[in-house]
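Here, each number is a calculation from the coordinates, and none is a lab measurement. A quick note: this is a predicted structure, and the numbers were derived from the prediction, not measured. In this analysis, Cβ positions are derived from the backbone assuming ideal geometry, glycine residues included, and neighbour counts consider all displayed protein chains.
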Protein chains: 6
Amino acid sequence: MVNRMLRILWVNPLGTDMYDEGITKIINEVKRSDVEVKVVHLSRGPIHVEYHYYEHLSLHETLKWIWWADKKKFDAAVIGCFYDLGLREARELVSIPVIGPAEACMYVAATLGHKFSIIVGRRKWIPKMESNVYQCGLEKKLASFRVIDFTVPRMIKEPEKLKEAIYNAARKAVDEDGAEVIVLGCTIESGFMKYLIQELQVPVLDPVVIAWKCAEMMADLYRKIGLTHSKLFGYETPPERDGFLGALE
Amino acid sequence: MVNRMLRILWVNPLGTDMYDEGITKIINEVKRSDVEVKVVHLSRGPIHVEYHYYEHLSLHETLKWIWWADKKKFDAAVIGCFYDLGLREARELVSIPVIGPAEACMYVAATLGHKFSIIVGRRKWIPKMESNVYQCGLEKKLASFRVIDFTVPRMIKEPEKLKEAIYNAARKAVDEDGAEVIVLGCTIESGFMKYLIQELQVPVLDPVVIAWKCAEMMADLYRKIGLTHSKLFGYETPPERDGFLGALE
Amino acid sequence: MVNRMLRILWVNPLGTDMYDEGITKIINEVKRSDVEVKVVHLSRGPIHVEYHYYEHLSLHETLKWIWWADKKKFDAAVIGCFYDLGLREARELVSIPVIGPAEACMYVAATLGHKFSIIVGRRKWIPKMESNVYQCGLEKKLASFRVIDFTVPRMIKEPEKLKEAIYNAARKAVDEDGAEVIVLGCTIESGFMKYLIQELQVPVLDPVVIAWKCAEMMADLYRKIGLTHSKLFGYETPPERDGFLGALE
Amino acid sequence: MVNRMLRILWVNPLGTDMYDEGITKIINEVKRSDVEVKVVHLSRGPIHVEYHYYEHLSLHETLKWIWWADKKKFDAAVIGCFYDLGLREARELVSIPVIGPAEACMYVAATLGHKFSIIVGRRKWIPKMESNVYQCGLEKKLASFRVIDFTVPRMIKEPEKLKEAIYNAARKAVDEDGAEVIVLGCTIESGFMKYLIQELQVPVLDPVVIAWKCAEMMADLYRKIGLTHSKLFGYETPPERDGFLGALE
Amino acid sequence: MVNRMLRILWVNPLGTDMYDEGITKIINEVKRSDVEVKVVHLSRGPIHVEYHYYEHLSLHETLKWIWWADKKKFDAAVIGCFYDLGLREARELVSIPVIGPAEACMYVAATLGHKFSIIVGRRKWIPKMESNVYQCGLEKKLASFRVIDFTVPRMIKEPEKLKEAIYNAARKAVDEDGAEVIVLGCTIESGFMKYLIQELQVPVLDPVVIAWKCAEMMADLYRKIGLTHSKLFGYETPPERDGFLGALE
Amino acid sequence: MVNRMLRILWVNPLGTDMYDEGITKIINEVKRSDVEVKVVHLSRGPIHVEYHYYEHLSLHETLKWIWWADKKKFDAAVIGCFYDLGLREARELVSIPVIGPAEACMYVAATLGHKFSIIVGRRKWIPKMESNVYQCGLEKKLASFRVIDFTVPRMIKEPEKLKEAIYNAARKAVDEDGAEVIVLGCTIESGFMKYLIQELQVPVLDPVVIAWKCAEMMADLYRKIGLTHSKLFGYETPPERDGFLGALE
């Protein structure tokens, strides 16, 4: 069993297939050769989750995919949104490691420099994302949020302008806010990591890349040693007898 | 319009009517005479939300009730669970004040003494509830969590033993943990506030009572001055044109 | 006894009657119909308490008023200054709830948005007020202090300019500092709440209004259930036998 | 002028002369030979300040002594109580350095080991003292408060039992709470520093000794270089024209 | 170049080869098949680094190995001690990712549960290790340190007693301190991860395993995208012209 | 023995004698008449320690000097660099008090005003220095770091420009960042304390002066009472039998 490929599921918690190809391409550029990637999307629901209500709308089918991955003996799963939606619920339901891009990026960023800035599309996103920074304990390592005034749909439509806007915001974060590390605060702000690292000469974290690589590491540890999140207390799974796990099938 | 009664909706985010009467009774004992109470429950779903997945299952119909209350010109709404489930989503969707029992209790507790302890049913509950303490900024005012080892269903079945267990846990919180204030960490740990205050001689906060009184205050301020949560940034409502608000009707 | 009106004392800790009428007017606009308001001032002392020495000079007579209110069976009292002067001493001496405008405003603000800014008259005020923010645990929710360069006496003299200065400072707090909520950091910056909410389209907290409404809530809970601050430990009252309580009569 | 002795005032903020001799004796054992000590007490008021109301009663005459010391060109002053009463007010009024025993002890303790415990007489004292720990930013360095159940009057009456109780509490703080440093949380828990250091083999801070030595250092820096607390903003002195400084003469 | 094996250097910062075989064995059990491991030790110096002076004594040769790895185009390096000695200096000197076991374990632990406990050999170790917890921002996620009273030499001599002591301490951390995750606070407390996970039914982090897997991830990201720690500001390398880099050859 | 002079060693952890005279002069201007100063430098090593690798290179001989001072019965020692290099190691090795300029300045600054700013030569310095602020617990009292873009060598070469640059940066810290106190973040930014206090009208802390005065205080307490840092746990000295203390002779 040790010899079969590791399998990791990437769930785009969005009711559209339009991001799947791009995400798959980025993952394929960085993935280990002994890992199989499966990227899925939702059959319905919003095509972006800038609103917390949309996170809610996307959660049920997302949880079903995570549940499915656990049943199918995947080795890890990623919920592909920088709000880290549903992390608590997903980890409660399953035993395989579940990775959130924001959590993954922030802890990696914390090892790469004194302070990091997060580049976000809209000010709307900051309250929940900053709350996530606090939950991770990293408020003293947060240099700033920098807003580029792009909705997710516009990011898709204008990739060149997006790249430029990210560059400019990151530049200011480094020069004015004291950032030594840049975190891109949206899984759609993706695909420019190498370019930005070269141009800015500081580490830049693409949430697709970082979440994926953390998932690989956790999948590997799960397969080899059985390491995963604690199922005691906070992530204890609801009992079968209550009858609600059926809704995940 | 100023002269009509204030109306507040209490949503029990649970698929059962069995708590409605008890909650209504407690509210009626403490409510202002110029306020109308409406207690509702969900048409289906778990009968307790000790699991985060159950919070998720309860959220959609809960949001529909909050949405309905806003349309019907209620003056405030309470989501009756100490996990404060769906607070962010609800405030995003509506303009009327939405009260969470944990947030309400913790900020009131913070004004009544140096440190408070929260009495919870099971250790399972602590991780999310302690995260909520941190989000409120009150970690330095938290003396302890004390666990009484009661599931919610058992709380319903054995109210006398529940009262005794709460008393004993609160006693230890005061004597051993330095608590000056006690917070009951479940809307079902309710109805003993007066008794416990007299026996323990410290303030004891029943989340039904405190959430309700905060809701009255906010309803009043909303009616008279228009004060409610900020609709800029974090709680900005999704636009009609996206087409997902219809799911709340 | 339940049927008599709730009675709340508002103490202007200042040696002048010149604020009493204005404060009374604002309270009357927002108060519950079943509450009696009594606004008092000191027989002597400074006419503003921008200096901490002035807080000290005002404290003794303020405590006498609080003591008097407790003896006269008032249901709550407010010390009308945003420094929250004497809160610890007052709560030590009496059993009725004592409300501080800053503490009240900050905890309400914390429920209305991600971050708040406090508009103050002079930079002189910030150190003590920011210490109060820390004592409340809300440093992560503080967007900024914004200074309008008005002494309290000038606030009285130039109300129109005051309103304009507050508007401008609040505007910047929202646009530049990330505030979603505005707190007015002086009980004399009062009377503009409705106007500012409408103009700024964010919640604005007038300390007179918010302290009053919190006092109503606490008075109600005190009357109905006996809830008040903890008299164990921190707020334990000095014993009669020491002979110093007589100075309060 | 450099050649005259440094002069430091120690104010016992208590309406009794009974502590003066003991304090003077302890100071004389540790003081620099080029410093003159003057220990004073209040003409009236409580003989201990365990209650915050008593702090208030003691403050006015205490401030008069600080004011007097500044006029008489003393080089520093100490307010001899571990609640650090009146520090803000005193620093506002004068230019000479004013030392608080708790602040002095805690910052020295922070340089001597990883964590310190504070030995207090009664649980009553903890809320204000712990708030002072937070204001100093030292919550992560606080191992514990340990309570010996002594009122201040009993401390005076039973010095041998006091010494034993402090030893036992300190022992437990080291063995059970992880303290590497002990702070005695009352200026009456004084005179045992050398003994306790030898017996416990950890640093023990007597607030009389430490406050005094910090006062000497600050007096020296004030005389030689003019260093004292900032008079900009927080400690800005009230203007003469307001007419309230006269009450300090 | 993408096809050659990733190469990672593990430096045991100790003047003995006696740990090399054990460490190599553990790494070989968990490593990716496309990674080459090289474990080295120092030619002289202490055989454990429980003392900070010993960390200093070990640092120079450790830095030389890190420097060598960078020159030899290794893809990452690990400094194998849970004090995370020399992390700042090493990252300043080189461009390849440098992993510290404590930092790696703590951030992984933070994703696996609400709180973690660290099992240490002696109380001596706690101050520096707890300072490292604070630097990582994880104080709110630290349930406790648990001490097993083993020196490093005794760990080597009595592996079975060590395993038992770790199990007992971890058991108490879970049952009494609220830990959901266990971190083993020494690279010699290694080799029991799988056993402990099965026995304790909570995640247990072996610093050798976790540091190694994080190093693999970072090596992979470094090779594929060029991601490494920021060389701006904090980790800026000293200039050649100063003439001190030669001491590393 | 009480009558002999106190003796304090100042170690310039730098391989040059060029700072010794200047430091000695500054110390002589502020020192107590009953204290003997000895300023030493290293026989080799970098002439500044802006890089953490240079701190490492300087540490061994620095520790030898501290060890020597302890053997020679000095009463305290200062390691003269604002990075506070080697404080942990030095305190582990010896019993005499060891003072770090940054720690000393920050705790004194914390008693002189609400917030302080630190004036640094280069942005490179900030990450470690800000980490030191966090270790001291003073992040809420830190107004800002202000960078003057001077290397240490340039500071030596252009003292007048340095003075002007410090003045300008301090001015901005007060006017724009809310600083009430200024800390000079380098022992070479020294000699301007009196001038800057007069010009800026806020307290300005020269690390040479403040470290020295704290050393005097601690030396005095050590001689008279035996107070020094805790030798339990964190600063426990390595045992002779390990054979590594010989390297300090």
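Alpha carbon centre of the range C:18-83 versus the range B:43-57: separation in Å?
Between the Cα centre of the range C:18-83 and that of the range B:43-57, the gap is 47 Å.
Rounded to the nearest 20 debye, what is the charge dipole size of the range D:102-206 about its Cα centre when +1 sits on each Lys and Arg Cβ and -1 on each Asp and Glu Cβ?
Numbers: 15 positive and 14 negative charges, 54 e Å.
Result for the range D:102-206 is approximately 260 debye, rounded to the nearest 20.
Which of rounded, prolate, oblate describes the range A:102-207, given a ≥ b ≥ c as roots of the alpha-carbon gyration tensor eigenvalues and a/c under 1.5 marking rounded, otherwise prolate only if a/b is larger than b/c? Each step should come with its number before you reach the end.
Values: a/c = 1.67, a/b = 1.23, b/c = 1.35.
Oblate, because a/c is 1.5 or more while a/b does not exceed b/c.
Considering only DSSP states other than H, G, I, E and B, which trypsin sites (Lys or Arg not before Pro) in the range D:45-116 qualify as loop sites with at most 16 other Cβ atoms within 10 Å? Don't skip to the end; give the middle numbers.
Values: sites: D:Lys64, D:Lys71, D:Lys72, D:Lys73, D:Arg88, D:Arg91, D:Lys115; in loops: D:Lys72, D:Lys73, D:Lys115.
Filter output for the range D:45-116: D:Lys72, D:Lys73.
Sort shortest first the distances from D:Ser43 to its counterpart in every other copy, using label points 7 Å along the Cα-to-beta-carbon line, and give them in nm.
2.1, 6.9, 8.1, 8.1, 8.9
Inter-copy label distances at A:Met5, 7 Å along the Cα→beta-carbon direction, one decimal in nm, shortest first?
Copy-to-copy label distances for A:Met5: 2.4, 6.5, 7.9, 7.9, 8.8 nm.
Kindly give the distances from D:Glu21 to its copy-mates, label point to label point, with each label point 7 Å from Cα along Cα→Cβ, as nm values to one decimal ordered shortest first.
Taking the point 7 Å beyond Cα along Cα→Cβ, the inter-copy spacings are 5.7, 6.2, 7.5, 7.6, 9.6 nm.
Which pairs break 26 Å Cα to Cα here: B:Lys31/E:Lys140; F:Lys172/F:Lys194; B:Lys72/B:Lys124; E:Lys25/E:Lys161; C:Lys64/C:Lys141; F:Lys31/F:Lys73? Mind dumping the intermediate values first?
Details: B:Lys31/E:Lys140 38 Å; F:Lys172/F:Lys194 19 Å; B:Lys72/B:Lys124 37 Å; E:Lys25/E:Lys161 21 Å; C:Lys64/C:Lys141 35 Å; F:Lys31/F:Lys73 19 Å.
B:Lys31/E:Lys140; B:Lys72/B:Lys124; C:Lys64/C:Lys141, as the Cα separations exceed 26 Å there.
Picking from F:Gly191, F:Gly86, F:Gly226, which is most flexible by a Gaussian network model of chain F using Cα springs under 10 Å?
Taking springs between Cα atoms under 10 Å, the residue moving most is F:Gly226.
Enumerate the amide H contacts of B:Phe145 below 5 Å, restricted to partners 5 or more residues apart or on another chain; note that Pro and chain-start residues carry no placed amide H.
B:Ile118
Mind checking which of F:Tyr167, F:Ile156, F:Ala102 is farthest towards the positive end of the range F:102-206's charge dipole, using Cβ charges of +1 (Lys, Arg) and -1 (Asp, Glu) about the Cα centre?
F:Ile156
Expressed as a whole number of Å, what is the distance separating the alpha-carbon centroids of the range E:217-242 and the range A:215-249?
Going from one Cα centre to the other spans 36 Å.
Is there a quick way to get the dipole size of the range A:53-174? I mean about its Cα centre, with the Cβ of Lys and Arg at +1 and of Asp and Glu at -1; what is the value in debye to the nearest 20?
340 debye
Quick one: grab the alpha carbon gyration tensor of the range C:47-131, order the square roots of its eigenvalues as a ≥ b ≥ c, and give me rounded if a/c is under 1.5, else prolate or oblate depending on whether a/b is larger than b/c. Show your work: numbers first, answer last.
Working: a/c = 2.85, a/b = 1.36, b/c = 2.09.
Note, shape of the range C:47-131 comes out oblate.
Jot down the per residue volume, in cubic angstrom and as a whole number, of the convex hull over the alpha-carbon atoms of chain B.
Numbers: hull volume 31.2 nm³, N = 249.
In chain B, the Cα convex hull volume per residue is 125 Å³.
What residue in chain C has the Cβ closest to the axis turning C into A, and how close is it in whole Å?
Chain C residue with minimal Cβ-axis distance: C:Glu139, 5.
Could you tell me the relative contact order of chain C? Use alpha-carbon pairs under 8 Å, at least six residues apart, and round to a whole percent.
Values: 459 pairs, mean separation 57.5, N = 249.
RCO, chain C: 23 percent.
Can you tell me the Rg and the Dmax, both Å, for the Cα atoms in the protein assembly as shown?
According to the Cα coordinates of the protein assembly as shown, Rg and Dmax are 31.7, 89 Å.
List every residue whose amide H lies under 5 Å from the amide H of F:Thr16, counting only residues 5 or more places away in sequence or on a different chain, with H placed 1.01 Å from N in the peptide plane.
Amide H to amide H, under 5 Å and 5 or more residues apart or across chains, F:Thr16 pairs with F:Leu42.
Work out the length of the dipole vector of the range A:140-194 about its Cα centre, built from +1 on the beta-carbon of each Lys and Arg and -1 on the beta-carbon of each Asp and Glu, and round it to the nearest 20 debye. Walk me through the numbers on the way to the answer.
Values: 10 positive and 9 negative charges, 29 e Å.
Here the size comes out at about 140 debye.
Quantify how much of the Cα-Cα distance distribution of the range A:1-101 extends past 16 Å, in percent. Show your work: numbers first, answer last.
Numbers: 2732 of 5050 pairs.
Distances greater than 16 Å cover 54 percent of the Cα pairs.
Hey, if you put +1 on the Cβ of every Lys and Arg and -1 on every Asp and Glu Cβ in chain A, which of A:Ile47, A:Leu196, A:Ala69 ends up farthest toward the positive end of that dipole?
Farthest towards the positive pole: A:Ala69.
Sum -39500 (n - 2.57) across every DSSP H segment of at least 4 residues in chain C, then divide by the residue count to get the 222 nm mean residue ellipticity, nearest 500. Working shown, then result.
Working: 9 runs with 113 residues, N = 249.
Calculated from helices alone, the mean residue ellipticity at 222 nm is -14500 deg cm²/dmol.
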